[in-house]
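K.L.:
Below is a structure I'd like to ask you about.
The values are calculated or read from the model by the stated rules, or taken from the named source; none is laboratory data. Just so we're clear, the structure is a prediction, and the values are computed from it rather than from any experiment. In this analysis, Cβ positions are derived from the backbone assuming ideal geometry, glycine residues included, and neighbour counts consider all displayed protein chains.
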Amino acid sequence: MSQRPADIWSAHVYAALGVLSYLFGFLISLGICVWFWWAYWPYLYSDMTIWWWPIITIPVYYVAAGITAIALFELIIFLLVYITTLKRIDEGRFESAKTPCLFWAIVSLLTGSLFASIFFFLAYTKAGELTAKYGPVAIPALLVPTPPPIQTCPNCGNPLTYDAKAGRWYCGVCSTYL
């Protein structure tokens, strides 16, 4: 896992949950579409001289085509949401991710995806906080803390290793933290 600060991770997680809710909607639509074609396949190519054939087949074509169109639309929306929000937050472009988060939150609310809407509103507010803290575009070096340059042990003169968990330098020869 990356060593990004927790506030950047929270913006990332909120946007990721919003994006995943769109992906979940796409998978549901795709599953319904596949089931619909599979379930009605025998009726579509049955004997066309039966009196009920047009009653069954014509609506099946329209419904299946509609569900397929919805699934493709959700896939396009999923890709757009990913590019405009999650990818920008990962790159540290918080100001440019803010407006798309608000846009997708409103679109999600209007289309009935309440979970996506909540997560995008949370990502929007967190992106605003990150913009205030790091500026409109965060320099990647600021997002990942780097240890200070390599130092030597004052006791034995060997190079020290930096322990990121402890936040201190460690000498392997002396077995001490400095």
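K.L.:
Cβ contacts < 9 Å: first residue assigned by TED's automatic domain parsing to the domain that holds F103, restricted to the stretch 18-32; second residue buried (at least 16 other Cβ atoms within 10 Å of the Cβ) and outside any helix (DSSP H, G or I), any location; separation 6+ or different chain. Result?
P.N.:
Between residues of the stretch 18-32 that are assigned by TED's automatic domain parsing to the domain that holds F103 and residues that are buried (at least 16 other Cβ atoms within 10 Å of the Cβ) and outside any helix (DSSP H, G or I), the close pairs are G18/S113; S21/S113; Y22/S113; G25/S113.
Residues checked against (1) touching a residue at least 24 places away in the same chain (Cβ under 8 Å); (2) farther than 19 Å from S21 by Cα; (3) touching a strand residue (DSSP E or B) at 6+ places or on another chain (Cβ under 7 Å):
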{"residue": "G92", "(1), (2), (3)": "yes, yes, no"}
{"residue": "C101", "(1), (2), (3)": "yes, no, no"}
{"residue": "W104", "(1), (2), (3)": "yes, no, no"}
{"residue": "L110", "(1), (2), (3)": "no, no, no"}
{"residue": "A116", "(1), (2), (3)": "yes, no, no"}
{"residue": "F121", "(1), (2), (3)": "no, no, no"}
{"residue": "K126", "(1), (2), (3)": "yes, no, no"}
{"residue": "L130", "(1), (2), (3)": "yes, yes, no"}
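K.L.:
Among the listed residues G112, G157, G135, which satisfies the condition of being more than 20 Å from the chain's Cα centre (by Cα), modelled with pLDDT under 85, surrounded by fewer than 18 Cβ atoms within 10 Å (Cβ to Cβ) and in the same structural domain as A16 (by TED's automatic domain parsing)?
P.N.:
When all the criteria are applied, what remains is G135.
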